[in-house]
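> The structure is given below, and queries will be raised subsequently.
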Amino acid sequence: MDLIGQLSQQLGVDGTQAQGLAGSLLKLVQGSVQEKVGPDAARQMDQAIPEMQGWQQQAQAPAGDGGGLMGALGGAAAHAGEIAGVVAILQRFNLDASKATLVAPLLLNFLKSRLDPGLVGKILAVMPMLAGGAGGGSGPQGGGGLGGMLGGILGK
């Protein structure tokens, strides 16, 4: 799966922005995996997605405080913190928070295309918000998952 192409097309961003966005989102996922599943699982992600390092470096280019943002997100391991992290990443790339419902299924499909199904299951166990966007709820709010949680957080 071409994650960069999909992000560019779905979100209307250029390839450089899509790389930065992908790197930021994958770093958020990998941070949660490192903390909640363990370092071996995080290393598996590194091995399966070798371009992730370059994308993460690209993520620091659009905004001068990229490291500070990611450092702040590193400690946000709670479920709401992860959603807020995704929203903050989108806003950093000048994208509306509502785009998170588009990003979640793209990211999940990419992870499924690269990672062992057992590892994907562990990632979904610690970051269920990824599965929420992939369900296929109709309408902008969806039924639950990421769209419903964002609605609750954003007061919609």
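The values are calculated or read from the model by the stated rules, or taken from the named source; none is laboratory data. Bear in mind that the values here come from a model prediction, so they are computed numbers and not experimental data. Don't worry about glycine lacking a Cβ; one is built from the backbone with ideal geometry, like all the others, and counts go over all protein chains shown.
> Filter region 1-43 down to the residues that are of a type in the set (D, E) and over 15 Å from L90 (Cα atoms), then identify the one that is modelled with the highest pLDDT.
Here the answer is D40.
> Could you check region 1-36 and list, in sequence order, the residues that are surrounded by 14 or more Cβ atoms within 10 Å (Cβ to Cβ), without any contact (Cβ under 8 Å) to a residue 24 or more places away in the chain, under 15 Å from A100 (Cα atoms) and polar (S, T, N, Q)?
Within region 1-36, S8 is the sole residue that qualifies.
> Kindly list the number of the only condition in (1) modelled with pLDDT under 90; (2) surrounded by fewer than 21 Cβ atoms within 10 Å (Cβ to Cβ); (3) closer than 17 Å to K36 by Cβ that fails for G118.
With respect to (1) modelled with pLDDT under 90; (2) surrounded by fewer than 21 Cβ atoms within 10 Å (Cβ to Cβ); (3) closer than 17 Å to K36 by Cβ, G118 is out only on (1).
> A further question on this structure: Going residue by residue through region 56-69, is there one that turns out to be out of contact with any Phe, Trp or Tyr (no Cβ under 8 Å at 6 or more places or on another chain), part of a helix (DSSP H, G or I), at pLDDT below 75 and crowded, with 18+ Cβ neighbours inside 10 Å?
yes
> Quick one: is T101 surrounded by fewer than 16 Cβ atoms within 10 Å (Cβ to Cβ), in contact with a Pro (Cβ under 9 Å, 6 or more places away or on another chain) and modelled with pLDDT under 95?
Answer is no for this residue.
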